[in-house]
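Values quoted throughout were computed directly from the atomic coordinates according to the rules given, and no laboratory measurement underlies them. Quick caveat: nothing in here was measured; it's all calculated off a predicted structure. Virtual Cβ from ideal backbone geometry, glycine too; neighbours counted across all protein chains shown.
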Amino acid sequence: MAFQDFKILGGSDYVGLRNFVEAVSELKFWIYLLQTFEYVCISIGLGFLMPIILAVLLTEIPKGKILFRMIYYLPAVTTGLVTLFLWKNLLYDSQPGGVLNALLLGFNALPVLVAAGLKIVFFLAACALIAGLIYQTVHPWMQPRGRIICGLIAAAGLTGLLALLAYLARAGGLPGITGAFISKFDFAAQQFLRDPKLVMLWIVVPTIWAGAGPGCLIYLAALKGIPEEQYEAADLDGAGLWNKVMHVMVPNLKALIIINFVGAVIAGFKASGNIFVMTGGGPEDASMTTGLYIWYNAFMFLNFGVATAMAWIMGALLLGFTLTQLRILNKLQFRNVDVENKTK
Amino acid sequence: MSLVSQVGRKSWGVRLLFGGMYALLLLGALTMVYPFLLMVTMSTTNRADCQEFRIIPRYWLDDGALFKKYLLEAMPSWSQIHAQADLTVTPLATWFGMDHWFTTFDIKISDLDSIIKMPRENCRARARDLWDFIRNACPAEFKMPAFIVDSDSMFFIQDDYVSFLKGKYGSLEEVNRVYGDNAATWDEIGMVIEPAHRALADTPRVRDWRGFIEKRAPERTGLFDADMLVYVATRGLSLPSGYNGSRDKNGIIVRSLITYDDLATGKLGTNVLMKFMRSQALGRYLSVDIVKAESAWKDYLRVNKCDEQMPLKERVPQDEYLAGRWNHFIATVCPLEAISMRRPEDAWRPFLAGRYKSIEDLNKAWGSDYRAFNEVRLPYAAFHYDVFLGIKKELRRSYLVHNFKTVFNFIAIHGSALRVTVIYIILLIAGTLTINPLAAYAMSRFRLQESHHILLFLLATMAFPGEVLMIPNFLQIKSFPIGAFGLVLAAMLLFYFLFRSLRRRLSLLLSATVALVLVGCLAGWFVPRLAEHFQINTSVTLMNTFWALVLPGLANGYGIFLLKGFFDSLPPELYEAGLIDGASEMRMFWQITIPLCKPIMAVMVLGAFGAAYGAFMHAFLICQDPQMWTLMVFLYEFQQNHSVSLVMASLVMAAVPTLLVFVFCQNIILRGIVIPTFK
């Protein structure tokens, strides 16, 4: 089909590579590809860890596991469309009285002391996280690769923090920094899906929200599959919480995490339905992704040939990921865990 | 289980940690539950309050809110006779004297206090009087349908009307015969719309409609309200300085309390009266004083070159041409003093005067301060409040379940959706359970060198956006190449035969090639010619069949892949033992492999269930015949023409099966999850 000027009522002509040329020579296609990257980055950055954290929490709490598990699974019960509509019409109300905006503006009303406390706690938490990562980096028993990754993340976080401080200091000198900390919150009412700058973020959030519960199931099962003895041994060796996460939990989940990561990237590139429902690609095409553009080309403009050509190009771009996925999958073996016996 | 070690669980640090975890989880759970609770509660609302987005709709607890809901449905339908868009709550505004009511959102519950706080016996007396009036003394021409606004309402008038007709005629054929109609369903016998400026001819249909309105309970009957027309007409005008009407507590004149009496007695000025009578009043309710207008009518006929013998009627004539002339006469040259408007008050006031001997008696019973009977207005608000109090409990209960009932009835009436969905689910589950395991088994048991590539090919299908696959899928189903399908089958059989019988002499690859070449020749040259010669169509359409629904989802690349991995991990000793015992491949498949893989099969079943139950786009494209619609397509259609609340109710109901499946099968789901680990 990609080689034809395809017409749905028949009479399609063979046009060679013209569809591909047309697809590639369009500037829009590349812009949308970049935006797709943005979408993938946001959704991976924010959403990938969510199910894992949720699964860990659900595993650790002593009581009410099943109840919470069911609650978090709720979004999967209804069709995805409904969730999106809920967010779009209900939570993303751009008036100051909308649910999310009211919440955001509610922070502004907090007294100075509480606001300052919250800010400082957040700042300290960020500092602590970075410090922990640096500690990991210089730790002798980490593998070099792990050390490099930890170091990079720590460096990025540190740069961010310093940049923030520098920005504040430039705005008002040293008192500017303290002033920024000891003051009320100053959030503005959000435009949500009508804000071209942040629209991608707002599109991603509902997906993460809805995906955390169902996504955590597999991690839950995996966590239950980790033998208790490993934790006990770690305990005996005097490992703290952090060490147990890094040296018992992560290695056990590694294969699963890698596979899911690759899968999430591929899925992110293919995403189009949810964007279509939320914004239809707007405002000003700020949320148009390649997947959606293909869809528009095929079903709105009826350029089936070009659409298919683009799909092929995208498939080729994703081929690397797909191949990686397959290669890893080949190296793995699958087993399933008898969950229920372990919970007792 | 134990990132947090078992030892030292009671220490404060650990407790704090657990506290934090619970806080986080609770916060998350709140965001999960809130929208869904909202969905559930919204499905108990209706047009009146679905936009409020309250987790507990006000009417659950608050009588005022319930009354508001009821009022919005009890309004007479002005849209029937007066095509003016802003009439949504205008009648209510004149009942309560509230100038700021324009839409349902403007109605504050505290606005209703004037009635809710009224002493019970006064309210009762007013309501009783109006009830008796409507039942016994009100002329039929002023009665109009009420409870007509919303077709999703449980009071929707059409349902009453249909049951009235059923009671009268028994069968639809009879109705069609009498009316000279050919309605296919009861609902197609529409309600009669009385035109604003003309009286309808006395056909059986109109007679039935009027009889129906006449027979309805007074609380379900609306009355023509001239005061409301006056309110609409004078809303934008400035009032003469001498006018002295009802004022609110700030001393501003309440516009919605300006009555027709004020207008007719000239308190608002002649210009306003003229404009009202000439262009805004409804011809159906106007009457002309024949004596006063006689000479003007003669002039009118002469100027307009009409038949001069045409008599002047007091009320609008039935004949369309005459009615047109009559209305035109009023709108142009009829002397103002000859025109007046008929309204229920003309009968209402004498009725009251007969019931209460003096105005003091009436004021005592009503708790009002009228000076004369010709001031007394119709107490609509009190009347409806009284009715409302009588049915309050029942009303609240029916509001709670009404939407669900409607959805259920809708599905039950169109029963094929449920049947199709169930069959579809069963077929898809059966299909997934045979095709995928067989394919995976073949690849797992007989380690072909190519099986890796086959898997790769299967998985590659996942790399394309699903939307793009939709077109080829659709085209293929539209004209399914059954001939080609048969050829492939033939090729496989031939290959099997060759491989079996000539095993010694031909290698696997060779026999495959031979089979392919033979069939290729057959396909490329022989069959098309044959088909052409015998006029056989080599493709059939699968549209609107279960084949179309099931076929595209049968084989699932990822499922096959998972199963293969799973089968691979089974110990080969099992099969060796089976071979030694002389079991055939099929027997080993059914008795060794499948029982060992129950958990993952269960997950695949659940997946198939979810896919079949939720399938929308595909089912929508493929099965356009309503007889083959699945539940989801059906709900989609339902959503197209029903209100938000009903849509929510339908979604809640659609979520029930999936929720049940998860609640009862979550252990199966969890047990069937396969976790990859490095070999």
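Worth a mention:
- Between 0 and 90°, nearest 10: helix B:380-413 axis offset from chain B longest Cα axis: 20
- Diffusion coefficient, µm² s⁻¹, Stokes-Einstein with Kirkwood Rh over alpha-carbon pairs of the stretch A:102-210 at 25 °C and 0.890 mPa s: 147
- Modelled FRET efficiency - R0 30 Å, residue B:322 with residue B:280, Cβ distances, 0.05 increments: 0.85
- Axis of helix B:466-478 versus longest Cα principal axis of chain B: the two differ by about 90°, to the nearest ten degrees.
- Springs join every pair of Cα atoms under 10 Å in this Gaussian network model of chain A, and among A:159, A:36, A:59 the largest mean-square fluctuation is at A:159.
- Here the protein assembly as shown is assigned +1 on the Cβ of each Lys and Arg and -1 on the Cβ of each Asp and Glu. Its dipole about the Cα centre then comes out at about 2060 debye.
- Relative contact order of the stretch B:236-336, defined on C-alpha pairs under 8 angstrom at six or more residues apart (%): 24
- Spin-label proximity, residue B:176 to the stretch B:187-218 - amide N less than 18 Å from point 7 Å beyond Cα toward beta carbon: B:187-191, B:205
- Scaled against the 2.2 N^0.38 Å expected of a compact globular protein of N residues, the Cα radius of gyration of the stretch A:160-248 reads 1.82.
- Point-to-point label distance, residue B:475-residue A:114, nm (Cα→Cβ direction, 7 Å offset): 6.2
- Of the complete DSSP H runs in chain A, those spanning 30 angstrom or more by Cα along the long axis with a mean Kyte-Doolittle score not below 0.5 are A:112-138, A:144-181, A:199-225, A:304-331.
- Distant alpha-carbon pairs in the protein assembly as shown (separation over 60 angstrom), percent: 31
- Net charge dipole size for chain B [Lys, Arg +1 and Asp, Glu -1 on Cβ; Debye, nearest 20]: 1640
- Distance from the stretch B:154-189 to the stretch A:123-195 (C-alpha centre basis), Å: 73
- Residues whose placed amide H lies under 5 Å from that of residue B:144, excluding near-sequence neighbours: B:222, B:223, B:224
- Calculated FRET efficiency for the pair residue B:203/residue B:309, C-beta based, R₀ 30 Å, to 0.05: 0.60
- Shown here for the stretch A:236-306: chymotrypsin sites (Phe, Trp or Tyr not before Pro) in loop regions (DSSP other than H, G, I, E, B) with at most 15 other Cβ atoms within 10 Å, namely A:301.
- Debye intensity ratio I(q)/I(0), log10, chain B, q values 0.05, 0.10 Å⁻¹ (C-alpha model): -0.46, -1.07
- Loop-located chymotrypsin sites (Phe, Trp or Tyr not before Pro) across the stretch B:372-462 with a Cβ neighbour count of 15 or fewer within 10 Å are B:446, with loop assigned by DSSP.
- Label-to-label distance, nm, for residues given as residue B:353 and residue B:31 (7 Å Cα→Cβ offset): 7.1
- For the peptide B:12-23, the mean number of other protein chain Cβ atoms found within 10 angstrom of a residue's Cβ is 2.
- In the distance distribution for the stretch B:560-679, Cα-Cα pairs more than 22 Å apart total 56 percent.
- When both the stretch B:359-411 and the stretch B:258-320 are represented by their alpha-carbon centers, they are found 35 Å apart.
- Per residue, chain A reaches -23000 deg cm²/dmol at 222 nm when only DSSP H runs of four or more residues are counted, each adding -39500 (n - 2.57).
- Taken residue by residue and averaged, Cβ atoms of other chains lying within 10 Å of the Cβ of B:24-37 number 6.
- Placing a label point 7 Å from the Cα of residue A:247 along the Cα-to-Cβ direction, the residues of the stretch A:193-235 whose backbone N falls under 11 Å of that point are A:233-235.
- Taking the charge dipole of the protein assembly as shown about its Cα centre, with +1 at Lys and Arg Cβ atoms and -1 at Asp and Glu Cβ atoms, the residue from B:256, B:246, A:50 reaching farthest to the positive side is A:50.
- By other beta-carbon atoms within 10 Å, ranking A:279, B:541, B:406 with the fewest at the front produces B:541, B:406, A:279.
- C-alpha long axis of helix B:598-614 to longest principal axis of chain B, angle in °: 30
- In this simple spin-label approximation, residue A:49 and residue B:100 carry label points 7 Å from Cα along the Cα→Cβ vector, and these lie 5.0 nm apart.
- Looking at the stretch B:597-665, the chymotrypsin sites (Phe, Trp or Tyr not before Pro) that sit in a DSSP loop and have at most 16 other Cβ atoms within 10 Å of their own Cβ are B:616.
- What the Cβ-Cβ distance of residue B:392 and residue B:290 gives, at R0 = 60 Å and to the nearest 0.05, is a FRET efficiency of 0.75.
- Kirkwood-based shape ratio for the stretch B:282-342, expressed as Rg/Rh from alpha carbons: 0.91
- Relative to one another, the C-alpha centroids of the stretch B:583-637 and the stretch B:120-140 are positioned 62 Å apart.
- Qualifying lysines (Cα of each under 30 Å from Cα of residue B:275; at least 8 residues distant if same chain): B:143, B:267, B:292, B:298, B:305, B:313
- Sorted from longest to shortest, the spans of the Cα atoms of chain A along the three principal axes equal 74, 55, 41 Å.
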